[in-house]
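Undergrad: Take this structure first; my questions come after.
The values are calculated or read from the model by the stated rules, or taken from the named source; none is laboratory data. From a predicted model like this one, the values you see are computed outputs, not experimental measurements. Using ideal geometry, Cβ is built from the backbone for each residue, glycine included, and neighbour counts are taken over all protein chains shown.
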Amino acid sequence: MLYACPEFVSANATNVFFAMMDYMSTTNPCAINGRIRELRIRLYGPRGKSAFARDVGLSPSTYNYYENDRVPPADVLVRIHERTGCDLSWLMTGRASSGGSGPPDRSDSELHRALDTLLMADPR
C-alpha cells in the first residue's frame, strides 16, 4: 500500500487551493456552461443534446444540468475535451492555450464520428 507524505499532501493541497482561487477570480464558472452548449450545438446541432450526452458518458438529464447551470466536475470536462477535440484551456477559461484553438470545426467531429461508427461495426 502506498502512503502519501503529509508534507507533500499539505503542500500539494495548498498549491491546488491557490490555483483554484486564481482560476475562480479570473473566470466566470457559469461561462463554462455556455461553452459546453456552444460545442454541442456546433458539433451535434440544436437537437443533439441526447447524442452528445451519450457520447460523453452522461445521462441526458445530468448533461442538461451541466449545459444550463452546474459546473461539471473535472473528469466530465476531460471527457468532453477527449470526445470533441476542443482545447481544454478554452473549455475551462474561454481562452485558447498557446498552439491550441477554441471549439473544433463540425467537419472534424463528423469525420471522427464516421470513423468511430466504422470501427464499432468492424473493429478489425
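Undergrad: Are any residues in region 54-66 assigned to a loop (DSSP other than H, G, I, E, B) and not polar (S, T, N, Q), and if so, which ones?
TA: Val56, Gly57, Leu58
Undergrad: Give region 21-40 a look and list any residue that's out of contact with any Lys or Arg (no Cβ under 7 Å at 6 or more places or on another chain) and at pLDDT 85 or above, or say none.
TA: Ala31, Ile32, Asn33, Gly34, Arg35, Ile36, Arg37, Glu38, Leu39
Undergrad: State whether one or more residues within region 74-91 are more than 11 Å from the chain's Cα centre (by Cα) and touching a residue at least 12 places away in the same chain (Cβ under 8 Å).
TA: Checked region 74-91: no residue is more than 11 Å from the chain's Cα centre (by Cα) and touching a residue at least 12 places away in the same chain (Cβ under 8 Å).
Undergrad: For region 67-124, list the helices (runs of 4 or more DSSP H) that sit wholly inside it and hold at least 1 residues that are crowded, with 16+ Cβ neighbours inside 10 Å and modelled with pLDDT of 65 or more; which are they?
TA: Details: elements: 74-84, 88-93, 106-121.
Correct list: 74-84, 88-93.
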